[in-house]
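The structure under discussion appears below in the form of structure tokens.
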Amino acid sequence: MILALETSCDDTAAALLDLDGKVILSRIASQIDFHKAFGGVVPEIASRQHLKVLPLLVKHLLEESQTSLKDLTAIAVTQAPGLIGSVLVGVSYAKAMAWSLDIPLVPVDHLEGHLLAPFLDHPDLEFPYLALIASGGHTHLLLAQGLGDYELLGKTLDDALGEAYDKTAKMLGFPYPGGPLIEQLAEHCPNPGIAFPIPLKGKKTLNFSFSGLKTAVRNQAIKWEILVEKKELIDYHRFIQEVNKEKLLLIADVAASFQQVVEKIVSQRIQQALKQFPVQRIVLTGGVAANQGLRRVLNELAEKKGAGFFAPSPHYCTDNAAMIGYTAHCYLKASPQGYPLDLFMNAASKSPLSRLESKE
Ligand code: KG4
Ligand code: ZN
């Protein structure tokens, strides 16, 4: 059995997978309550929390699945990219465990974990596929040709898509993570009325840019007097109960219009990429892939193009250890000669995939 650990950002996660790469149990301890008030993840708080929670999470995981340490055949761990203090906690823990049990240690690129996550729910998925990884830290459009064979076609030139969601939510007064809240707010406005500008419009590029959109949201919020600059952020459920209808409609319009333009941007980029790289499968993954609107739009696009659409189920879109374990499983399977226990392997804030440059 593979024990997988993920501590790259603000979620402490552990999972157990069998030797076929099937998830036996996957658990996540969210730190959101510790970061909420700050409107984003505080690195120092994150690493201290991982240190406290990881040993307990692993203990519970093993107990709940009635697994003994002797049943473990490999340890998989996120090695990069991420907040260095946070990644370091997972990597140090994984090294100690692998060494004491004398079993292989598989370092995993967190972005590759997201890239392969759709296989957890769709074993029928095959290479090659066009994949958009959209998370809080990355927006990468890739052509995945095979395991470890990935070409970067485009990426964000400034903010990541998840970051744009989080910043929009923050400007409207809502805590981190803002993506799910923007999605819920947007439901209150079925006919969005603001024409936010499309970044990089008319340019022949597969890159993304979201910082101008952020400014446009800010200007709109100032105009409608709904910009929240104070540090105290609103609890969403309390807000929905207490807000007057008129104000809710304005906020919901900003959220829905933002979401509408994001759907347009993503769908246009995927169409452009398909023209250059006509593959049969489209993948949306990373935290933002939990967004139902984006999933629907890309599903429709895929149908129109006669292609397949694949996204992980929402709990495997956001950070989790199952995708780390699955990635490790693929590499273990591809290395019948055995995997080394490399105690010199170290945590890093950047990874080969996060460093990739597009050819544009
Ligand atoms: O992949 P992830 O869990 O962590 C990183 O690796 O960054 O992604 C987190 C990001 C956050 O920015 C969060 O707001 C966004 O994913 N997110 C969403 C939704 N759920 C999470 N964005 C839009 N709609 C959602 N339903
Ligand atoms: Zn992630």
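Obtain the nm distance between the two label points defined at residue 100 and residue 151 by a simple spin-label model: each point lies 7 Å from its Cα along the Cα-to-C-beta direction.
A separation of 4.6 nm, rounded to one decimal place.
Checking the cross-link filter: which aspartates and glutamates have an alpha carbon closer than 13 Å to that of residue 245, excluding same-chain neighbours under 8 positions apart?
253
What order, most packed first, do the peptides 234-245, 114-125 have when packing is the mean number of other Cβ atoms within 10 Å of each residue?
Averaged packing, sorted descending, gives the order 114-125, 234-245.
Just 68, 30, 313 to compare: in a GNM of the chain, with alpha carbon springs under 10 Å, which one fluctuates most?
68
Binning at 10 Å from 0, report for the chain what percent of all alpha-carbon pair distances ends up in each bin.
5, 25, 32, 24, 11, 2, 0
List the equivalent ellipsoid semi-axes of segment 158-205 in whole Å, largest first, each obtained as the square root of 5λ for an eigenvalue λ of the Cα gyration tensor.
Calculated on Cα positions only, the semi-axes equal 22, 16, 8 Å.
222 nm [θ] for the chain, helices only, -39500 (n - 2.57) per DSSP H run of 4+, per residue, to 500?
-13500 deg cm²/dmol
Take the Cα gyration tensor of segment 214-260, multiply each eigenvalue by 5, square-root it, and list the three semi-axes largest first, rounded to whole angstrom.
18, 14, 10
For residue 33 and residue 201 in one chain, what is 0.36 nm times their gap in residues minus the Cα-Cα distance, to one decimal in nm?
Result: 56.7 nm gained on full extension.
Do any chymotrypsin sites (Phe, Trp or Tyr not before Pro) in segment 18-118 lie in a DSSP loop with no more than 15 other beta carbon atoms within 10 Å, and if so, which?
When the chymotrypsin sites (Phe, Trp or Tyr not before Pro) of segment 18-118 are filtered for loop state and at most 15 Cβ neighbours within 10 Å, nothing remains.
Taking Cα pairs under 8 Å and at least six residues apart, what relative contact order does the chain come out at, in percent?
Averaging sequence separation for qualifying contacts and normalising by length gives 25 percent for the chain.
Amide H of residue 40 versus every other amide H placed in the peptide plane: which residues, excluding those fewer than 5 positions away on the same chain, fall under 5 Å?
Amide H to amide H, under 5 Å and 5 or more residues apart or across chains, residue 40 pairs with 176.
Share of segment 123-311's accessible area from carbon and sulfur, percent, 1.4 Å? Could you put the intermediate results ahead of the total?
Values: 4220 of 8710 Å².
Carbon and sulfur together cover 48 percent of it.
Arrange the residues 64, 263, 246, 6 by how much accessible surface each exposes, largest first, with a 1.4 angstrom probe.
Working: 64 105, 263 30, 246 150, 6 0 Å².
Per-residue accessible area, sorted high to low, gives 246, 64, 263, 6.
Could you tell me the center-to-center distance, by alpha carbons, between segment 83-115 and segment 1-55 in angstrom?
With segment 83-115 and segment 1-55 each reduced to a Cα centre, they are spaced 12 Å.
Quick one: angle between helix 211-223 and the longest Cα principal axis of the chain, in degrees between 0 and 90, rounded to 10, please.
40 degrees
Antiparallel DSSP bridges in the chain: what percent, to the nearest 5?
Percent antiparallel among DSSP bridges in the chain is about 60.
With the convex hull built on the Cα atoms of segment 123-311, state its orientation-averaged projected area in nm².
Quarter of the Cα hull surface area: 11.3 nm².
Give the accessible surface of segment 207-316 per residue, rounded to a whole number of Å², with probe radius 1.4 Å and ligands, DNA and RNA excluded.
Accessible area per residue: 51 Å².
Ordering 296, 218 by how much accessible area each has at a 1.4 Å probe, largest first, what is the list?
Heavy-atom accessible area, descending, gives 296, 218.
Could you provide, to the nearest whole Å², the per residue accessible area of segment 16-152 with probe 1.4 Å?
Result: 43 Å² per residue.
What distance in nm lies between label points placed 7 Å from Cα along the C-beta direction at residue 240 and residue 184?
Going from the residue 240 label point to the residue 184 one covers 0.5 nm.
What angle do you read, to the nearest 10 degrees and between 0 and 90, between the alpha-carbon axis of helix 322-333 and the longest principal axis of the chain?
Once rounded, one gets 40 degrees.
The values are calculated or read from the model by the stated rules, or taken from the named source; none is laboratory data. Predicted, not measured: the structure shown is a model, and the values here were computed from it. Virtual Cβ from ideal backbone geometry, glycine too; neighbours counted across all protein chains shown. What goes into the accessible areas is simple: the full protein's heavy atoms, side chains included, and nothing from ligands, DNA or RNA. Shrake-Rupley method; radii C 1.70, N 1.55, O 1.52, S 1.80 Å.
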